[in-house]
1. If I filter segment 71-90 for residues that are surrounded by 14 or more Cβ atoms within 10 Å (Cβ to Cβ) and in contact (Cβ under 8 Å) with a residue 60 or more places away in the chain, do I get at least one hit?
2. Which residue, of Glu32, Glu68, is of a type in the set (Asp, Glu), under 17 Å from Glu97 (Cβ atoms) and either modelled with pLDDT of 95 or more or in contact with a Gly (Cβ under 8 Å, 6 or more places away or on another chain) (or both)?
3. Return the residues of segment 44-70 that are part of a loop (DSSP other than H, G, I, E, B) and buried (at least 17 other Cβ atoms within 10 Å of the Cβ); say none if nothing qualifies.
4. Can you tell me which condition Arg35 does not meet? The list is (1) in contact (Cβ under 8 Å) with a residue 60 or more places away in the chain; (2) in a loop (DSSP other than H, G, I, E, B), and all the others hold.
Amino acid sequence: MKRKALFLAVAGLVAAAQAAEPAPARRAQLVEMVRQDCGSCHGMTLKGGLGPPLLPTALADKPDASLEAVILDGRPGTPMPPWRRFLTEDEVRWIVESLKKGFPGDK
């Protein structure tokens, strides 16, 4: 029984670590949201502004879980709002992965 519980726990962790890629229409909405809503503070090219840059070089040493938590829950006492009401955890994982690789539409 312990073996089965361990297997299920590991399988759950692996599934959680692999962000489900959003459907193409939702992906387009997320790209637009990041470019417009996040870009209003982080710069329209994500190179920084009121908020820090969101480019791969700026995010490389940041743990994914920390970035996901900031997106979902915001940063109290700063202009960074929580986005949990608008995004699923899988969508946030996809955004973080995409930002770390070079966000869609980057030139």
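1. yes
2. Result of the check over Glu32, Glu68: Glu68.
3. Listed by number, the residues that qualify are Leu46, Gly51, Leu54, Leu55.
4. So Arg35 meets the others, but not (2).
The values are calculated or read from the model by the stated rules, or taken from the named source; none is laboratory data. This one's a predicted model, so the numbers in the text were calculated from it and none came from an experiment. Reconstructed Cβ throughout: ideal geometry from the backbone, glycine too, with neighbour counts over all protein chains shown.
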